[in-house]
Amino acid sequence: MAPSYGSLVKEAIVLLDKFNAGRQCLDDFMEDASKDLQNVDVLHKKFILDVVSGCVEHKKLLDVVISVFYGQNGKWLSRGDRSQLVIICYLATFALDGLGFQRFSHIVKSLDAKRMQTFLTFFLTNLTTWIQDEWNKIYDAAYVEKQWIGPLLRWRPEIDILIEQLAVKVSRGSEVKRAPIKSTVPQEFSLTRPRPPALPMPELIPQQEKCKPVPNSTYRAPKEKQKMEEIKQKNQQKTEELLYEANMKQFRCANPQKSENTKKVISQIKADYDSKLKFNSFHSSGPPSSLKTSSWPIKLNSAAILRQGALYDRQVEEELQRMERLVEGAREPSSFLRWQKEMREKDLQEELASIERRRLEGRISYEEAAMARTRVMECNQRTAQLKKEETSQLMRRYAEKRLQEEKEMRDLVQQVAEGHKNSKTAKEKLQKFKQSIVKEVSEQSRELLRQALEEAQAELSRKFEIILEIRAIESLPHIRVRNFDDTATAGHELMGEMSLAELRERLALLKEAQQTEQQEKRERILEEKQNKKQLLLEQLDTIDLHRRALAQAAAIRREERKARLGFQQAVTQDEKVLALQRKLEEKQQERQRLKQSECERTAASEQAAGHTVRKTETHNRKSLKEKSWEELELSLERHIQRDAPHVVSPGGHLNMLHGPVNVSF
């Protein structure tokens, strides 16, 4: 059995070349391969199928070795030898113990000796280095060491001997051997050849079921995620609204609100009282702005007042500390600040001058570009005028050609119009017949509609009578007798059982106690609120004082800004700036002169063109008057042609026009 394993491996190589992992399923492929190998021995077939399935299952591990081997020796290897190397690597790694070294050596020797020697040397040399590291990334390191690396190391001495034998075979094969001269042996003639056996009928290839297409929902984002985002945004918006409402009503517990009815009554009383005091209201005017009770631009809440008061207190403390340092002998930086201010003003003046120069240079370049555009436009206008003259000549020739074609078309239409009269009478008879049929059908449909309407009205009246009866039954009163004593108990014999009157009395006492407790709590809250209000008023006075100081500082800054504007006026007196301004004025005057000359040339060209157009219109009007009668006849013929598209000849045959005749005037 051992010598036949080389042929079995070659069959396995052929099957592995046929397999495509991206398009075929392994199970289906193995079933098809087993059908093809029906004539092979059972053990041999099992060996072939096991080798192919093992190579496919361990493709990742085997590709690690084969890909690098091809990268190093790909110059003298072909892609068709890849399956052969994959199977040898699989047998050496996974099936050497079960197969036996003798069978493995027979398989290797049955293949190309040089290729097998190179591959086995490469495989055993790098087995314990990078190959083991790459396999450890795919499987567990202990499993790789125990199952694959260890057995290969045990078989290494025998494999080394096999490699040496392959090397000897390669060296012998490289020596040039002279083949012995063979003598010619005569053979008998084969006069009758046996008929070859008939080829068996090919088996039908089973059609594979069509794969279900991938649903579109696979490439879409899930709706749940979108809904969760919407809910999240709504919750966030709701939280912000609640936070804003809480900030606006943070002291609501200390300010009990009156009911709507109470507010209406109080406003009505105030309105009545004010109406009694309005003696000369039509002469009165509003109070001046200086007498307003609140001069605050923005109403601050208590938290803002306390924060601003703490800020101003901290600023006052810092200012006092600075004064103490000055008293103790610290240096005042006013001289340095004055020098710094002068240098900044000088730099600002130079920067403003440079900005003004750049602006004027930009304006000058703009004027020069505008003049260049004007010259280009003049050149284009002259070219366009020449094109217009050439186009007008071509249009005149085309109009003369069209008039000649129209004249020929009128003659043709005049010949065809005579046959339209017969078709018109036949069309009128057919229309009258159709009108009579439509009239009969409409009378029958009207009668059917009248019968259906009567049946619907009878059904509706019957339903209406039933509804009236039901409503009359429902409107009858239901008499119920109720005798209830609120001072008697229910009689359930419970420990806390009481009558309705006792329950009401107890609830009234409980409500009175709650009101007393609430009144005490309200008085305590009002007292705390009054203390807090006093603290806020003190803080407001402090804030007002600091704001007046800030207003004075702002006035000083405005004066400094006015002085800076004076620097800008000084910049405009710079010599370079004045020279650039004069150059800009010269460029603007030159562009105005170019514009004026262009307008004069345009007016002259329009006047000449108008004179030419008037001559052309006079000539056309004369030609139109001469042909007015012919055009009237042509319009009548076209109307007849549109009413009756078919022409009946005197011989009784129906003549069709070849197409619509378009006549343009």
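The values are calculated or read from the model by the stated rules, or taken from the named source; none is laboratory data. All values derive from a computational prediction rather than experimental measurement. As a convention, Cβ positions derive from the backbone with ideal geometry for all residues, glycine included, and neighbour counts pool all protein chains shown. The area values use the complete protein model at the heavy-atom level, side chains included, leaving out ligands, DNA and RNA. Shrake-Rupley method; radii C 1.70, N 1.55, O 1.52, S 1.80 Å.
Structural remarks
- Ordering 343-349, 59-65, 156-162, 234-240 by mean Cβ neighbour count within 10 Å, with the highest value first, yields 59-65, 156-162, 343-349, 234-240.
- Phi to ³J(HN,Hα) by Karplus 6.51 cos²θ - 1.76 cosθ + 1.60 over the stretch 499-509, Hz, x for Gly, Pro: 7, 5, 5, 5, 4, 5, 5, 5, 5, 5, 5
- Label point distance in nm, SER335-ARG193, each placed 7 Å from Cα along Cα→Cβ: 12.7 nm
- Nearest-0.05 FRET efficiency for SER267 and GLU469, computed from C-beta distance (R0 45 Å): 0.25
- Modelled spin-label separation between VAL185 and ALA310, with each label point placed 7 Å from Cα along the Cα-to-Cβ direction: 11.8 nm.
- With a Förster radius of 56 Å applied to the beta-carbon distance between VAL170 and LYS223, the computed FRET efficiency rounds to 0.25.
- Here the gap between LYS60 and VAL327, fully extended at 0.36 nm per residue and compared with their Cα-Cα distance, gives a gain of 87.5 nm.
- Residue-normalised accessible area of the stretch 1-156, given per residue in Å² at a 1.4 Å probe: 52 Å²
- Order by protection proxy (mean Cβ within 10 Å, highest first), peptides 115-124, 201-210, 385-394: 115-124, 385-394, 201-210
- Inter-probe distance in nm under a simple model that places probes 7 Å from Cα toward Cβ, at GLU560 and THR489: 9.0 nm
- GLN588/ARG396 FRET efficiency (R0 45 Å; Cβ-Cβ; nearest 0.05): 0.50
- A DSSP coil position with no more than 13 other Cβ atoms inside 10 Å describes the following GluC sites (Glu not before Pro) in the stretch 427-529: GLU493, GLU497.
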